[in-house]
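One structure below.
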Amino acid sequence: MGDELIHTLGAPNLALRLTEPTSVEVIQQEGKNPYSYAKATVTRWEFPARGSMPPLKLYWYDASRGARYRPPDLPADEPVIPARADTFPRQPAADGGGPPSGGARGARGGAPAGGGAGRASIAGSAQPAGGQAAGRGAGGGGGRPGAGGAVRGQNQGVVFVGDKGYLAAGGEGTEGGVALLPAARMRDAKLPPEVLWRSPGHYTEWIMACKGCIPRTMADFAFASPLTETVLLGVVALNFEGKLEWDSEKGIFPNNKEANKYLQPPHFRKGWSFT
């Protein structure tokens, strides 16, 4: 959670306009012991309504198996997470593919154009129910060798579980393939026109922003701050039983004083402070 979730949750965070959560709870830990983190965990966050989008539950499945995010009609030998070769053909950008502007992502908290999936799952061992989003886990992809030695399917990715079907993205939800599940549903499917700028790469994008060529990067602080907050709250929750209510404005867990001790370092070296 402390490493990969910040990457894997990027695409759902963007698509679902996630803000700061209102609670976090580790609902399952396998192999918990006093010496190390558990072998497998399931963590749940709750998010408030965002514009026209309803409240959301997000599940992160870390190293869990027996995934329920697999479509019931997915062939046994078909991977859940697509490789790059399985992607849709690219569509022309609706805005010409220009750099990000003040409204490229839309106002924070607003609903994305065209709506979104009914719920999302981050590949692993998800148990998504209505109006929920779920998390990743190692070993969930079921990859197998493909033509030319390419790997078809990965063991990490994002699965959006919607009311009308399943959409998967490989890798960390950005650099891998994107496909409907099962792949047979892609034969007559087309992506909508692109409405977001396609980054030339984070190094190039950073330099462009520094030089004023673009007004901001796609993952600026307004985007990254609540995302990072979500992830770090999950790390704190690994140490406690039960739900931790979260007050983002005050920066505290109102229902657990002990958990608040994990929100700041116990001390700083002389000459340093945090404000």
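The values are calculated or read from the model by the stated rules, or taken from the named source; none is laboratory data. As the structure is a computational prediction, the values presented were derived from the model and not from experiment. Here the Cβ is made from the backbone with ideal geometry for all residues, glycine too, and neighbour counts use every protein chain on show.
Contact annotation: residue pairs with Cβ atoms under 9 Å, 6 or more positions apart or on different chains, pairing a residue in segment 183-201 that is among the hydroxyl-bearing types (Ser, Thr, Tyr) with a partner that is assigned to a helix (DSSP H, G or I) and surrounded by 15 or more Cβ atoms within 10 Å (Cβ to Cβ), are Ser199/Glu205.
The single condition among (1) part of a loop (DSSP other than H, G, I, E, B); (2) buried (at least 22 other Cβ atoms within 10 Å of the Cβ) that Val24 does not meet is (1). A count restricted to segment 231-254 and to residues that are in contact with an Asp or Glu (Cβ under 6 Å, 6 or more places away or on another chain) and more than 18 Å from Thr43 (Cα to Cα) stands at 2. Applying the set (1) out of contact with any helix residue (DSSP H, G or I) (no Cβ under 7 Å at 6 or more places or on another chain); (2) aliphatic (A, V, I, L, M); (3) under 23 Å from Ile6 (Cβ atoms) to Ala189 leaves exactly one unmet item: (3). A count restricted to segment 224-275 and to residues that are in contact with a Pro (Cβ under 7 Å, 6 or more places away or on another chain) and in contact (Cβ under 8 Å) with a residue 60 or more places away in the chain stands at 4. Ala224 falls short on exactly one of the conditions (1) surrounded by fewer than 17 Cβ atoms within 10 Å (Cβ to Cβ); (2) at pLDDT below 85, and that condition is (2).
Just so you know, in segment 1-21 the residues that are β-branched (Val, Ile, Thr) and within 8 Å of the chain's Cα centre (by Cα) include one that is surrounded by the most Cβ atoms within 10 Å (Cβ to Cβ), and it is Thr8.
What tally of residues in segment 203-223 results from selecting those that are more than 24 Å from Val159 (Cβ to Cβ) and touching a residue at least 12 places away in the same chain (Cβ under 8 Å)?
The first filter runs over segment 203-223 and keeps only residues more than 24 Å from Val159 (Cβ to Cβ), leaving 203-217, 220-222.
Pick out the ones that are also touching a residue at least 12 places away in the same chain (Cβ under 8 Å) and you get 205, 208, 213-217, 222.
Counting residues in segment 203-223 that are more than 24 Å from Val159 (Cβ to Cβ) and touching a residue at least 12 places away in the same chain (Cβ under 8 Å) gives 8.
Per-residue answers, yes or no, for (1) within 22 Å of the chain's Cα centre (by Cα); (2) of a type outside the set (Phe, Trp, Tyr):
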{"site": "Arg187", "(1), (2)": "no, yes"}
{"site": "Val195", "(1), (2)": "yes, yes"}
{"site": "Pro200", "(1), (2)": "yes, yes"}
{"site": "Tyr203", "(1), (2)": "yes, no"}
{"site": "Met208", "(1), (2)": "no, yes"}
{"site": "Asp220", "(1), (2)": "yes, yes"}
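Can you say whether Glu78 is touching a residue at least 24 places away in the same chain (Cβ under 8 Å), among the charged types (D, E, K, R) and not in a loop (DSSP other than H, G, I, E, B), as far as the supplied structure shows? For Glu78, the condition - touching a residue at least 24 places away in the same chain (Cβ under 8 Å), among the charged types (D, E, K, R) and not in a loop (DSSP other than H, G, I, E, B) - is not met.
For the residues Thr217, Thr204, the requirement of being among the polar types (S, T, N, Q) and either within 20 Å of Phe47 (Cβ to Cβ) or part of a loop (DSSP other than H, G, I, E, B) (or both) singles out Thr217.
Being within 20 Å of Met1 (Cα to Cα) and either in a strand (DSSP E or B) or touching a strand residue (DSSP E or B) at 6+ places or on another chain (Cβ under 7 Å) (or both) is the filter here, so list the residues in segment 237-273 that pass it. Matches in segment 237-273: Ala237, Leu238, Gly242, Lys243, Leu244, Glu245, Trp246, Phe253, Ala259, Asn260.
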